[in-house]
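Structure first, commentary second.
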Amino acid sequence: MSTSAPPFTAHRDDAAPGPLPRLVRRAIVPCGGQGTRMRALTGGQPKEMLPVGRMPLVEHVARECAASGIDELLIIVAPGKDAIAAHLAPLAGAPGMPRRVSFLEQPAARGLADAIRLGRAFAADGPVAVALPDNLFVDDAPGVAQVAEAYARTGRHVVAVVEITSEEAARRGPTSVFPGTRDGELFEIARIPDKGERGRTFDTGGAPSAFTGVGRYVFRPDVFDVIDAAERELPAGAELDDVPVMQRLLAAGQLVGRRMRGRFLDAGLPDGYAEAKARLARA
């Protein structure tokens, strides 16, 4: 994986006056999940510590963040995942790693948006990237750099999207199709389905391919108020997921997809993890 970020220039797609979006220098890596789909492989260790080549998954993502210009990293950990901090903390500031790595505990696994909200103070009124540690991107520019470039172009919140063909759909996880239209490397999302609108595997609906959202985001600081608003409408005890948050952002015209280049590896599934190990055997 490259250790230097590809250059990009902040600009707006329209001629409207206004300040340029701030560069993305901070990222959150949520590591609070239970890893139930990978339990047969983890042997009780955090799934984020599963080895891929010469380093665990979470280090691959930390290095991707550094290669994307991220200076500061916040790792959200669940209780009992001390191995993540033990591994990453000594690497802060090393070549190819963010300058600063800090850790914050999520007491209960209440959902991705809840984990992101724990980074409110960390974001410090600036944009913040979010990178899920079991999603990897190889063979092109670092994944976080790609969504950060889309944020710099548009000033909107950004979610990574990947195109999945009907031939490979059965090997993918149960994510929803994002209908929409391509605009170069941007993807104008028409609708974000509710989380319940998912099958056991990805379903292109008979089309040759379809798009879905994956684990790279850039959020402006107003996302934290949107998370609070989404929580107020949840049934008691329900998970605070990213879907209702993205639905609100989309309804306000403030969310865009970034069509990701390179190969997407879902290392949170056994088949995807096996592919990641094969592709990154020497990384």
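The values are calculated or read from the model by the stated rules, or taken from the named source; none is laboratory data. Because the structure is predicted, anything quoted here is derived from the model rather than measured. Using ideal geometry, Cβ is built from the backbone for each residue, glycine included, and neighbour counts are taken over all protein chains shown. Areas reflect the complete protein model, heavy atoms only, side chains present, ligands, DNA and RNA absent. Shrake-Rupley method; radii C 1.70, N 1.55, O 1.52, S 1.80 Å.
Structure notes:
- When each of Glu239, Glu188 is tested for being out of contact with any Phe, Trp or Tyr (no Cβ under 9 Å at 6 or more places or on another chain), in contact (Cβ under 8 Å) with a residue 24 or more places away in the chain, in a strand (DSSP E or B) and not hydroxyl-bearing (Ser, Thr, Tyr), the lone residue that passes is Glu188.
- Any chance Ala89 is farther than 27 Å from Gly44 by Cβ and part of a helix (DSSP H, G or I): no
- Scope the range 83-123; condition open to solvent by 50 Å² or more (accessible area, probe 1.4 Å), more than 20 Å from Gly33 (Cα to Cα) and either of a type in the set (S, T, N, Q) or touching a residue at least 24 places away in the same chain (Cβ under 8 Å) (or both); matching residues: Pro95, Arg99, Arg100
- Considering the range 163-185, the residues that are within 16 Å of Phe264 (Cβ to Cβ), open to solvent by 40 Å² or more (accessible area, probe 1.4 Å) and in contact with a Phe, Trp or Tyr (Cβ under 9 Å, 6 or more places away or on another chain) include one that is modelled with the highest pLDDT, namely Glu163.
- Subset of the range 242-275 (residues that are surrounded by fewer than 21 Cβ atoms within 10 Å (Cβ to Cβ), assigned to a strand (DSSP E or B) and at pLDDT below 95): Arg263
- Any hit, the range 102-111, residues being within 19 Å of Asp225 (Cβ to Cβ) and within 15 Å of the chain's Cα centre (by Cα): yes
- Among the numbered conditions (1) closer than 23 Å to Ala78 by Cα; (2) assigned to a strand (DSSP E or B); (3) basic (Lys, Arg), the only one that Arg182 does not meet is (1).
- The listed residues are Ile84, Ile116, and the only one of them that is assigned to a helix (DSSP H, G or I), over 24 Å from Ala152 (Cα atoms) and touching an Asp or Glu at 6+ places or on another chain (Cβ under 9 Å) turns out to be Ile84.
- Looking only at the range 186-241, and only at residues there that are modelled with pLDDT under 95 and hydroxyl-bearing (Ser, Thr, Tyr), the one that is most open to solvent (accessible area, probe 1.4 Å): Thr201
- Residue list for the range 26-80, restricted to those being surrounded by 19 or more Cβ atoms within 10 Å (Cβ to Cβ), in a loop (DSSP other than H, G, I, E, B) and at pLDDT 90 or above: Leu50, Ser68, Gly69, Ile70, Ala78
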